[in-house]
Amino acid sequence: MINLLKLIPGLAGIIPSPITIYIMLAIAAGSFAGGGWVVWKFWQASEVTAVNEARATERDAVLIGNQHERGVLDRARQREVRKNEAIEDLRRRLAGRKPCPVPVPADWLPVHPSLPGTATDPARPRPADPPLDPAAGDGPLADARDLVLTCERNRLEVYEPEADERAALRAWYSDLRARFNQ
């Protein structure tokens with residue numbers, strides 16, 4: 001072992017023995033290691049804090065989303081009841097009207113009119129449709145009452161729910177933006 005008292009002559013009068021120097025060096029090394037351990041613990045604590053903040057933020061986002069989803073579902077249930085009442089009311093009102101045949105554009109048909117007639121539907125016993133000649137101006141005819149009913153059902157079953165969902169998405173995004181852009 002190296003005698004540290006010989007290396008640092010001024011310490012010979014202050015420190016009584018070389019063992020004391022080694023003890024002081026061990027204490028200094030222990031203090032350095034302890035300081036590193038404390039820094040490491042603070043670093044771990046900051047990671048835990050960041051993870052907890054991220055979880056809280058995620059939980060808030062989920063709660064905001066759930067709140068808007070519940071609103072959409074509640075409005076959908078209410079809209080379903082109103083839709084059924086409106087469709088039944090429209091059916092009653094249209095039942096009292098005379099049939100009114102209107103031509104249907106070929107683009108609206110699921111099968112092109114130049115194909116042979118369709119088979120009869122078992123739910124509606126009627127003869128098969130004759131083949132149509134679009135060049136001669138022949139076209140399928142539909143009852144205007146059915147068209148009005150179909151348009152109203154599209155409005156109530158497709159347009160209104162989609163518009164409500166778009167509005168809910170906008171509100172959800174606005175709530176998220178307000179929560180996270182503080």
Test Gly34 against the stated conditions and say whether it is surrounded by 10 or more Cβ atoms within 10 Å (Cβ to Cβ) and free of Cβ contacts under 8 Å to residues at least 12 places away in the same chain.
-> yes
Scope the stretch 62-89; condition surrounded by 13 or more Cβ atoms within 10 Å (Cβ to Cβ) and of a type in the set (Val, Ile, Thr); matching residues = Ile64, Val72, Ile87
Ala168: passes all of (1) at pLDDT 55 or above; (2) loosely packed, with under 15 Cβ neighbours inside 10 Å but (2)
Out of Arg92, Arg59, sole residue that is loosely packed, with under 10 Cβ neighbours inside 10 Å, of a type in the set (Lys, Arg) and part of a helix (DSSP H, G or I) | Arg92
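The values are calculated or read from the model by the stated rules, or taken from the named source; none is laboratory data. Values in this document were obtained by computation on a predicted structure and should not be read as measured data. So basically every Cβ, Gly included, is an ideal-geometry build from the backbone, and we count neighbours across all protein chains shown.
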